[in-house]
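The following block contains the structure, expressed as structure tokens.
Nothing in this text is a laboratory measurement; each read-out follows from the coordinates by a stated rule. Keep in mind that this is a model prediction, so the values were computed, not measured. Because the Cβ atoms are built from the backbone with ideal geometry, glycine has one as well, and the counts that use them run over all protein chains shown.
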Amino acid sequence: MIVPATQEIDVSDTSPGIADSANPLPDTLRFKAAAPLVDIGANLTHDSFRRDVQAVIERARDAGVGTLIVTGTDLEHAHQALELAARHRGLHATAGVHPHEASQWSATPAQEFAALYREPGIVAVGECGLDFNRNFSSPADQERAFEAQLGLAVEAGLPLFIHERDAGPRMLEMLRSWRDDIADAVIHCFTGERKTLHGYLDLDLHIGLTGWLCDERRGHHLRELLADIPLNRLMVETDCPYLLPRNLPAKAPGRRHEPALLPWIVGEIAHWRGDGEGDICRATTATARRFFRLEDN
Ligand SMILES: [Zn+2]
């Protein structure tokens with residue numbers, strides 16, 4: 001089941017719609033990466049990609065984004081993500097239960113997830129974590145589901161793809177107590193403050209950045225934090241179809257974000273860090289390949 005409110009979508013924004021596949025992206029939104037990129041958070045099982053996922057993947061490749069980590073936010077979407085990964089070169093999948101869905105956590109899916117983690121197409125446990133911004137599941141249910149998935153990640157020896165919103169202090173407490181046991185973790189779509197960022201970096205965790213930093217209403221504080229993130233801890237992601245960057249030079253069809261737009265976000269990161277785009281591409285790609293243990297392309 002698709003839950004439209006899931007993940008980073010701001011409920012005050014218009015939801016991403018089905019794009020017009022006959023008119024995919026205007027030329028002004030065709031950005032080519034300076035070097036190959038990995039989009040570590042692409043929700044390609046979202047309904048808005050149902051009609052044209054093949055074209056979306058091809059457009060990403062044309063833009064230099066040839067490797068995509070497809071996010072699995074519940075059991076059904078994890079299976080769909082794994083199927084996509086099996087069908088398309090350069091795609092890999094994660095499998096977990098998003099904090100919004102945490103109230104549905106039970107022992108049965110835990111067993112089914114453990115089986116999924118033996119599939120080579122699954123490269124991380126997640127999306128899982130804590131979201132105290134909206135509390136679509138109660139904080140107690142979120143902690144219980146997250147704790148269970150931390151345990152599964154330890155058993156599977158896989159890294160974690162973590163969602164945290166307005167829950168930095170509690171997330172840090174939980175990760176501190178698990179840090180020696182878990183292989184590795186990325187805080188995807190980091191949106192927090194400097195103190196939380198340094199807490200994660202002190203635990204030797206990774207940081208995923210999205211187009212959130214292009215949002216003048218709530219994301220510009222991230223510009224000043226960019227230089228604090230070592231390049232071997234930084235990865236980039238669209239979190240598409242959500243979080244369409246608000247400073248694009250043209251409208252995206254259906255207000256839908258897609259992996260081909262990732263180079264725009266990398267350009268913003270490079271600009272505010274004062275680095276070259278090619279350097280950010282090469283470093284984040286090397287970090288992602290190491291983090292997710294990618295062998296192919
Ligand atoms: Zn998320």
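What is the magnitude of the charge dipole of the chain about its Cα centre, with +1 placed on the Cβ of each Lys and Arg, -1 on the Cβ of each Asp and Glu, and no other charges, expressed in debye to the nearest 20?
620
What list of ³J(HN,Hα) values in whole Hz, one per residue of segment 30-38 in order, does the Karplus curve 6.51 cos²θ - 1.76 cosθ + 1.60 (θ = phi - 60°) give from phi, with Gly and Pro shown as x?
Whole-Hz 3J(HN,Hα) from phi for segment 30-38: 9, 9, 9, 5, 5, 7, x, 10, 10.
Something else: Taking 22 Å as R0, compute the FRET efficiency from the Cβ-Cβ separation of Arg134 and Ala183 and round it to 0.05.
For R0 = 22 Å, the calculated efficiency reads 0.15.
Quick one: which residues, 5 or more positions from Ala33 or on another chain, have an amide H under 5 Å from its amide H? H modelled 1.01 Å from N in the peptide plane, none for Pro or chain starts.
Gly64
Report, in debye and to the nearest 20, how large the dipole of segment 225-269 comes out about its Cα centre when Lys and Arg carry +1 and Asp and Glu carry -1 on their Cβ.
Roughly 220 debye, rounded to the nearest 20.
A further question follows. Leu243's amide H: which non-local residues (gap 5+, or another chain) put their own amide H closer than 5 Å, with H modeled 1.01 Å from N in plane and none for Pro or chain starts?
Asp10
While we're on this one: Just subtract the alpha-carbon distance of Ala107 and Arg293 from 0.36 nm times their residue separation and send over the number in nm, one decimal.
That pair, Ala107 and Arg293, stretches by 64.1 nm at full extension.
In terms of modelled amide H atoms, which long-range or inter-chain residues lie less than 5 Å from the amide H of Leu91?
The answer is Leu68.
Can you compute log10 of I(q)/I(0) for segment 27-291 with the Debye formula, treating each Cα as one identical point scatterer, at q = 0.10, 0.12, 0.15 Å⁻¹?
One equal scatterer on each Cα of segment 27-291 leads to -0.45, -0.66, -1.07.
Can you give the FRET efficiency to the nearest 0.05 for Ala250 and Ala227, using r as the Cβ-Cβ distance and R₀ = 22 Å?
Computed FRET efficiency for Ala250 and Ala227: 0.15.
Roughly how big is segment 239-297's charge dipole about its Cα centre, with Cβ charges of +1 (Lys, Arg) and -1 (Asp, Glu), in debye to the nearest 20?
Its charge dipole is roughly 200 debye.
Please give the calculated 222 nm ellipticity per residue for the chain, where each DSSP H segment of at least 4 residues contributes -39500 (n - 2.57) and the sum is spread over every residue; nearest 500 deg cm²/dmol?
-10500 deg cm²/dmol
Could you point to the residue in Met174, Phe113, Val125 farthest towards the positive end of the chain's charge dipole, with +1 and -1 charges on the Cβ of Lys/Arg and Asp/Glu respectively?
Val125
Hey, if you put +1 on the Cβ of every Lys and Arg and -1 on every Asp and Glu Cβ in the chain, which of Ala283, Ala145, Gln104 ends up farthest toward the positive end of that dipole?
With unit charges placed on the Cβ atoms, the residue in question is Ala283.
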